[in-house]
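The values are calculated or read from the model by the stated rules, or taken from the named source; none is laboratory data. Worth saying up front: this structure is predicted, and the values here are computed from it rather than measured. Here the Cβ is made from the backbone with ideal geometry for all residues, glycine too, and neighbour counts use every protein chain on show.
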Amino acid sequence: MVLNTRGWKCNCCGETEPLFLELDHVNGDGGEHRRTVGTNLMVWIIKNKFPTTIQLLCSNCNKGRFINGGVCPHRKKEVLKGVVNVHGEIQICVSLKHLIGLEEHDKDKEKEQKLNDRMMVVNKDGDVWVFPVKEIHGIHHVHPDLFQNVPVTISKSKSTFTKEIFKWEDKHVALLDDELLFYSLKRSIQ
Ligand SMILES: [Zn+2]
Ligand SMILES: [Zn+2]
């Protein structure tokens, strides 16, 4: 059942062979969680409507993630872009696109060439992160009543970081789980 709602796919490399797939706790708290729910992990997952804190990974990615401090070696290379100089200070530049696992369209690639020198600097609890971005729409306040449930059909790792969905100017916008996002970023560069 868990497999069916998320698709039979490794959340990292897309492996589809069911025998290779394993359940994984996204933020690495599996040991602790298993102790509290005991052997009823599957029951817990169904009761909690397939929470995004649980994902499917193939054995390789699961193991790679474990050995590599929480981030599969597949992701690590792509996430860490290098360092950039922001107002005289050296900051780490990371690719959110690769961390979240956004697909790229050819159309976007053309656009990216024109716009790829745009960077966003985010300060999260004293840690500074720099991301290449395509567009910035400013800061908006969203009333919690506008939040919709994240559809179970949302693909792969995108659902991992998506907390809520809301409509804005005819678009569906994903509100990301900032705690999980920056936690994963931290792990990804260690
Ligand atoms: Zn995999
Ligand atoms: Zn992987």
Applying the selection to region 127-143, what residues are in contact (Cβ under 8 Å) with a residue 24 or more places away in the chain and loosely packed, with under 10 Cβ neighbours inside 10 Å? H140
Can you pull out the residues in region 39-86 that are at pLDDT 80 or above, within 12 Å of R187 (Cα to Cα) and either near ligand 2 (Cβ under 10 Å from one of its atoms) or small (G, A, S) (or both)? C72, P73
Counting only residues that are out of contact with any Leu (no Cβ under 8 Å at 6 or more places or on another chain), more than 10 Å from ligand 1 (Cβ to nearest atom) and of a type in the set (D, E, K, R), how many does region 54-77 have? 2
Just to be sure, is G31 modelled with pLDDT under 70, surrounded by fewer than 16 Cβ atoms within 10 Å (Cβ to Cβ), out of contact with any Leu (no Cβ under 7 Å at 6 or more places or on another chain) and not β-branched (V, I, T)? yes
